[in-house]
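The values are calculated or read from the model by the stated rules, or taken from the named source; none is laboratory data. As the structure is a computational prediction, the values presented were derived from the model and not from experiment. As a convention, Cβ positions derive from the backbone with ideal geometry for all residues, glycine included, and neighbour counts pool all protein chains shown. Heads up: the accessible areas ignore ligands, DNA and RNA and are worked out on the full protein's heavy atoms, side chains in. Shrake-Rupley method; radii C 1.70, N 1.55, O 1.52, S 1.80 Å.
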Amino acid sequence: MTRPAAHALWRAAPLRLARMPGWGALVLVAVTLFVASVGAPSLFVETARSTALADGLRASAGGPFGDQSGDLRVTWDGVVQDLDPLLDPLAALPAYGDPTVTALGVGQSQSTKPVAVANGATAPAVLWYHDGAIPALGGDDDTDGVWLSSDTAAALGLRVGDPLKVGMVQVFLGDSRALRETVLAGTYDTAPGSALPTQLAGLPGADRWFLPQDPVNPSLVTPLAIVSRATFDHLAPKVREKPFYVADLLLDPDVTPEEATAAVAASAAYGDAAFDGSTEMSAQLAGAKPAPATLDVISGLPTIAGAADATATSAREQVRPYALGGQVLAGLLLVAAWVLLGLSRRREQLLVSGLGLRPIELTLLAALEALLACLLAVPAGLALAHLGVVAAGPPTDAGVPFTRDGLVRAAVGAGIGLVMIALTAGFSALATDRLDRLSRLGRSRVAVPWGTALVVVTVVVTFAVLTVETSDRATTPLTSAFPFLVTASLTMVVIRAAAWLRARRSTRARPGTSRWLAARRTGPVLHEVVALSAVVAVALGLFAYTLTVHRGIDEGVADKTAALAGVATTIEVAEDFRGQGSAVAVRPPVDGSTIVWRRNVSLGPDQSGIPLMAIDSGSFADVADWGGSGDLDAGRALVPRLPTKEEGVPVILVGDTHLEAGAKTVIDLDTVLTIPVYVVGVVPAFPGSETEPGTVTVVVDSLRLFKIVTPDLDPRGKGATSDLPGALTSILWSRAAPPDLRAQLDDAGIASEGVVETATQARIENGLVASTWAAGYVLALGGVVLALALAGGLVLALRLSDRDTVSDVLLRRMGYRSADLARARAWEVGYAVATAVVAALLAAAVLVLMPSSIDAAAGIPPLAHPRPEPADLLWLLGVLVVLVLVAWLVGTLLTRRRPAAEVLRAGD
Amino acid sequence: MPGIESMTAVSCEDLVKVFRSVTGETHALRGIGLELVPGALTVVAGPSGSGKSSLLTLLGARDRPSAGRLTVLGSDVGVASTRELRRLRRRQIGFVPQRASNAVFPHLRATDQLRQVASWRGASRRHLAEALDAVGLTDRGGHRPDALSGGEQQRLAVAIALVGTPALVVADEPTAELDHANADRVMDALLAVAAAGSTVVISSHDDRVTHRADRLLRLRHGVVSSETSGRRTAAAVIDATGRVQLPQEMLGLFPDRRVVVEADGDHVRLRRPEVEL
C-alpha cells in the first residue's frame, strides 16, 4: 500500500493548480496582470524621467554653454598659482568628462585693445590659451612665445622667431601701453569666418570654445595670439590684461536621472567649496592675480534635470487615474478568477466545511495553492510591464532597465495578489460556513438593490467629477471610477431593457431552427449569463472609451503644442529684418518660414499686457502648426481676412473674451498710439497664441499694422533697431529643425544666434509630453480591457456550453445535428455580445458627450476631449464577430468531445 | 433524567426546517422529535421530498434548524457558535452526502484523504487500513477519485466518514450507487462502527438496508409517520443435514423458497438468488 502522506491537503496544495492547466493559466494570467499593473506605473514614471532628461539633453546638445546646456562651464577671473585644486575636483565630478581649460584676456573694451606690436606696426591680438591648441599647431606646450595668424604676422612683418610685443593699448583718452616682449613661435591660417586656426576649427565642439568678442561689434572676430598656459599666466597680469579662465566639462550623453541628480549636487558642492575659506581652492582663488578671483559654475543641467523631474511628476499625476483604474481592474480580474475557481469547486467547499476545516486553514491553503502562480507572476509581470512601457510608454533609446526597485515592486504586487486570493478564499469559506443565515426561519434574505445603488453612486460620482475645476478634473481620484461607473450603469440599463424586450416579443424564427432554439434558450434569464454579458459590455465600453481618450489626448497635445509654440522651431532675430523696407520685414527669408512680430499691447480700455502677434498673412497659414484635431482650423479660416480693408485693422482675438466677431475696439501700442481694430473672429486657440496661457492674444496682419504705427515703431524704417523702446520683437518661424534652420539662416546671411525655441521644448516644459505618454498608458489599458472582453465572451460561450451539456444530448437524440446546436449557441452568444456592443456604444457615446475629464493640461487651450472615429465601431463589431466564431467553435468541439453516456451519467 | 441524557447522542424536539426561495417557503421538516443513542444504527426512510436529507443534514450539524431544538453530541445546534459546530463536525461527526463525488477531495489519493481526516479525528494509522478494508478499497488506496468508479467513490466517502470511529456517523443513502455485495459490505461497516459505540443514522429506500437497522424511522411530509425498533433477528435451527429452518416472518423474504448462502468470515449471509449479479 502506498504510504499515506501526512497533512495531505497541505502537501498537495502548492502543485494543485499546476495539475489544472486551464485554471492554472487563468490564475497565472490574472496575477501577472495584477503584478504588471502594480509595477508599470513606477516603471512608466522612471522611463518618463529618463526620456525627458534625454530629450532635454538632446535638444540642448551642441548649444552654447549656459542654462540651456547640460554641459558644465566653470570660470574664474584670475591667474591662480596652482590649478590642480580647481581642476582635480572637477575631474572627479560624476557624469562629466575631464575638464578642458581655456584661458584668454577679456580686458578689451571700446578704449582698451589687446594688440601685438612689431616693426612699428600694431595689430589686434588677444592672448588665448586652449588645452591642446599649441600641440595641434605643431608646437610644444613648454615653448615660450606666441602663435599669430598668418595675416597678423604678415601685417606686422614678422617671421617665426622674430621678437614682438603683446599687451594692451589704450586708444581713447590717452595713449597708455602695457606691452611685454616675446617671440613669434609660429603662425597659422585661420578658418574662414573664424579666429581659430584651421587645425582647430574642425575639432569637435570647437564652435563652443570660449573666444574673445569685440565689445563694439560682437559679430567681428578678434584675432588670437595663441600661447601656452605658462606664457599666458606670465604675460596676462603684466600687460594689464584681464585674465579669464574657463574649464569646460562635457556631460555623458547617456547619463541617467540618478547620475544627473548626483552631478547637479556635486557641481553645486564644488561651487560652494570656492567660497569655503578652509579649502585649498578658495585659497588659490584668493591669491589669484591680478586680483582675487571669483569662481562661477554654469550649467543648464539643474534646469534640465529639474524639467525632467517635473515631467516625470506630471506623467505620474496624469497616469495616476489610469494606473489606479488598471490596478482596480486587474485586482477585480484576479478576484473574479479565484471566485470562478471557487465556483467550480463548490462541492469541495461544502465538503471541507462539512469536515470542519477552519476558514483560516482554507485561507492559508488557498495562499499555498496560489503561491507558485504568484512566484511565477513576479518575472512574468515585470516582463509584461516592461513590454507595455516599451510598447506604449515614453519613447526611449536607452530601453527600460530592469532595476532592483522594479523587482521589489513586482514582488510586492505578487504579495498583494496572494493576499487578495487568500482573503477571497477566506471570505468564501466564511460564507459557506454561515449557511444558516440563508435558512433560519424568521430571517429573510436581505435583497440588496444593487442596480439602484449603482445608479445612485454613478450619479453622485458624476456630479462630483463635474463640479471639480476643469484643470483638476483629470487628476482627481474619482476620475478613475467615473468611466467605469457610467459604463456599468448604462450596461445594466441596456441589458435589462434587452431582457424586457425579449420577454415581450416572441421570435419570428421558424420553429426547430437554430435561431428558434437560441431564442427559446435565451427566454429564461440566467444570472450567470447576464453577469458575463455585463462583464463583456463594461469591458467593451471601457475599451471603446480608451480608444477615444487616447486619440483625444494625442490630438489635444498636438493642438496645445501648436498653441504654445506655433511651429516646429522659432528663432529670435534681433536686427536682420529691420530697417530694410517691407519686403525684408515681412517676406519669408528662407523656405518654409514666416516672420512673426510680437509685443504686448492694451486691448480696449481695460486689458493691458495683451500679447500681440503680427503675422504675414500670405505665408503664415502654410508654415504654422495647426494642431491635430482641427480645433484650430477656425483661426486658419480667418487669416485671409486679416489683410482686408475693414473699419479698423482686422484682428483675430484668441482666448476667453467678452468681445465677439464684428466687434470694434482699440489696441494701444503705447500711450500715444491707439489703433482702432475690427474683430473678424474670436477663436479659443491659435498657433503661438499661448505664450501667456489664459491671456487673450491679438493677431493682426503685420503689414496692416506697420502702416499704422508711428515711424519709431515701424521696423521697416531706416535706423530701426531692436533696442528702441517699444520695438516689436521679430521671430522667424520655421518648419525646419534648429540645426537646419541655423544652417539656412547662415546661408542667407541672417544672424542665427538668437534664442531658439522648439515645439519639443514647449511640449516638455508644459508637461504635454507627459500627456502623450499617458495616452500610451491609456492605450495599454485599453488592450487589457479588450482582452478582458474577449475572455468574458469566451467564458460565456463555455458556460453556455456547460449549461446545455445534457439538453444537447437529448436534442441530438430528437434529431438535432451537432452543427445545429453549435449554431444555436453561436446565435445566443451573438445576441448577448450584440447587446454588450450596444451598451458599450451607448456608454462610450455618453462619456464622449459629457464634459471632458481627460485633459491634464486644461490651462492650455484648446481643451482636449475624447474623440471617437468610425474605426472604433469597427473594433467593437470585430469583437462581436470573433466571439460569435469562438462560440461556434467551442460549441462544435465540446459537443463532439462529450460522450452521451458520460454526460447523462454525470448530469445533475 | 441525567442518566438518559448522557446516553443520548442526538436529540431533537419539534424540529422544523423551512427553506426560503423566490417562489416561497418550503417546509421540509414539520416538527420532528427523536433521540438517537450510541451503539445503534438508525435508518430514515421515506419517499422523495419527505425530508430525509434535510433531517440528516441537520443531524450532521451542517445546518441549523428553523425552529425546535436539536442537540448533537451535547451541542445545541440552534444556538451553538459556528466555531463550535465546526469543531464538532471536524472531530466527532462522519458524514456521507447523497452524491459520493461531493464527499471526496478530487485531487488527493484515497489513502491521503483518509489520512487527512484521520489526523483531525486523532485516529491512528491502523484505522486507515481498517476503514479501507471495511469498504473493500484496500487495493485502490493509491488512486485519485477520477480513477475510481462511482461505486468506489461512494465507498471511499463511507470510509472517510468512518475513519477514526467518530461518535456520530450520518450517511445520506450510502448504498445508492452500490451493487448488493458492496452495499452489504458498506452496511456491515456501518453496523460495525455502531457496534463499536458510534451513533449511526442513515437514509435509504432499500429494504435490504432497512431490514438491518436497529431502528427504522419513516418520514412523510416532514414528520415521522412510523417507527420500528429492533433489528429483525431470530433463532433458527440447523439440522444434521445442514438445513436451516427460518422463522415464519423471515420466510416471507424467500417466496420461491430458494436462497443463496454467503460465507463471510464468521458470518453466513442468506439472500434471495434473483438479486445475485
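The residue that is farthest from A:His7 (Cα to Cα), counting only those in the stretch A:353-362 that are at the interface with chain B (Cβ under 8 Å from one of its Cβ atoms) and out of contact with any strand residue (DSSP E or B) (no Cβ under 7 Å at 6 or more places or on another chain), is A:Ser353. Taking the conditions (1) within 14 Å of chain B (Cβ to nearest Cβ); (2) modelled with pLDDT of 85 or more in turn, A:Asp436 satisfies each one other than (2). Screening the stretch A:395-420 for residues that are in a helix (DSSP H, G or I), over 14 Å from A:Pro41 (Cα atoms) and out of contact with any Cys (no Cβ under 8 Å at 6 or more places or on another chain) and picking the one that is modelled with the lowest pLDDT gives A:Arg404.
Residue-by-condition table, conditions (1) of a type in the set (D, E, K, R); (2) surrounded by fewer than 18 Cβ atoms within 10 Å (Cβ to Cβ); (3) more than 30 Å from B:Trp120 (Cβ to Cβ); (4) more than 14 Å from chain B (Cβ to nearest Cβ):
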| site | (1), (2), (3), (4) |
| --- | --- |
| A:Leu334 | no, no, yes, yes |
| A:Arg347 | yes, yes, no, no |
| A:Ala373 | no, no, no, yes |
| A:Gly388 | no, no, yes, yes |
| A:Pro401 | no, yes, yes, yes |
| A:Asp405 | yes, yes, yes, yes |
| A:Arg409 | yes, no, yes, yes |
| A:Ala414 | no, no, yes, yes |
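Selection within the stretch A:807-857: residues that are within 26 Å of A:Val879 (Cα to Cα) and assigned to a loop (DSSP other than H, G, I, E, B). The member of this set that is least open to solvent (accessible area, probe 1.4 Å) is A:Ile854.
If only residues of the stretch B:109-151 that are in contact with a Ser or Thr (Cβ under 8 Å, 6 or more places away or on another chain), within 11 Å of chain A (Cβ to nearest Cβ) and not in a helix (DSSP H, G or I) are counted, the one that is surrounded by the most Cβ atoms within 10 Å (Cβ to Cβ) is B:Gly141.
Here A:Leu285 meets the list (1) modelled with pLDDT of 90 or more; (2) farther than 28 Å from A:Ala206 by Cα almost entirely, failing just condition (2).
The requirement of being over 18 Å from A:Val538 (Cα atoms), open to solvent by less than 10 Å² (accessible area, probe 1.4 Å) and in contact (Cβ under 8 Å) with a residue 24 or more places away in the chain is fulfilled somewhere in the stretch A:877-887, by at least one residue.
Determine whether the stretch B:184-204 contains at least one residue that is in contact with a Phe, Trp or Tyr (Cβ under 9 Å, 6 or more places away or on another chain) and surrounded by 16 or more Cβ atoms within 10 Å (Cβ to Cβ). Within the stretch B:184-204, not a single residue is in contact with a Phe, Trp or Tyr (Cβ under 9 Å, 6 or more places away or on another chain) and surrounded by 16 or more Cβ atoms within 10 Å (Cβ to Cβ). Selection of the stretch B:96-108 for residues being facing chain A (nearest Cβ under 7 Å) and under 18 Å from B:Leu128 (Cβ atoms) yields B:Ala103, B:Phe105, B:Leu108. Annotation for the stretch B:99-108: at least one member residue is under 25 Å from B:Asp206 (Cβ atoms), touching a Leu at 6+ places or on another chain (Cβ under 8 Å), open to solvent by 20 Å² or more (accessible area, probe 1.4 Å) and not hydroxyl-bearing (Ser, Thr, Tyr).
Just one of the listed residues (B:Arg208, B:Arg212) is assigned to a helix (DSSP H, G or I) and either at pLDDT below 90 or touching a Ser or Thr at 6+ places or on another chain (Cβ under 7 Å) (or both), namely B:Arg208. Counting only helices (runs of 4 or more DSSP H) that sit completely within the stretch A:1-101, those holding 1 or more residues that are of a type in the set (D, E, K, R) and more than 14 Å from chain B (Cβ to nearest Cβ) correspond to A:21-60, A:84-91.
Conditions (1) in a helix (DSSP H, G or I); (2) modelled with pLDDT of 90 or more; (3) not hydroxyl-bearing (Ser, Thr, Tyr), marked per residue:
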position: A:Leu532; (1), (2), (3): yes, no, yes
position: A:Val536; (1), (2), (3): yes, no, yes
position: A:Gly541; (1), (2), (3): yes, yes, yes
position: A:Leu547; (1), (2), (3): yes, yes, yes
position: A:Thr561; (1), (2), (3): yes, yes, no
position: A:Thr570; (1), (2), (3): no, yes, no
position: A:Glu575; (1), (2), (3): no, no, yes
position: A:Val584; (1), (2), (3): yes, no, yes
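Output the residues belonging to the stretch B:1-23 that are farther than 22 Å from B:Gly49 by Cα, hydrophobic (A, V, I, L, M, F, W, C) and at pLDDT 65 or above. Residues satisfying the conditions are B:Met7, B:Ala9, B:Val10.
Scoring A:Asp84 on the criteria (1) farther than 30 Å from A:Glu241 by Cα; (2) without any contact (Cβ under 8 Å) to a residue 12 or more places away in the chain leaves a single failure, condition (1). Residues of the stretch B:43-61 that are surrounded by fewer than 24 Cβ atoms within 10 Å (Cβ to Cβ) and in a strand (DSSP E or B): B:Ala45 alone. Of everything in the stretch B:62-93 that is within 9 Å of chain A (Cβ to nearest Cβ) and among the small types (Gly, Ala, Ser), the residue that is surrounded by the most Cβ atoms within 10 Å (Cβ to Cβ) is B:Ser66. Candidates are the residues of the stretch A:648-674 that are part of a strand (DSSP E or B), out of contact with any Ser or Thr (no Cβ under 8 Å at 6 or more places or on another chain) and at pLDDT 90 or above; the one that is surrounded by the most Cβ atoms within 10 Å (Cβ to Cβ) is A:Val651. In the stretch A:241-258, the condition of being open to solvent by 10 Å² or more (accessible area, probe 1.4 Å), part of a loop (DSSP other than H, G, I, E, B) and under 16 Å from A:Ala103 (Cβ atoms) is met by at least one residue.
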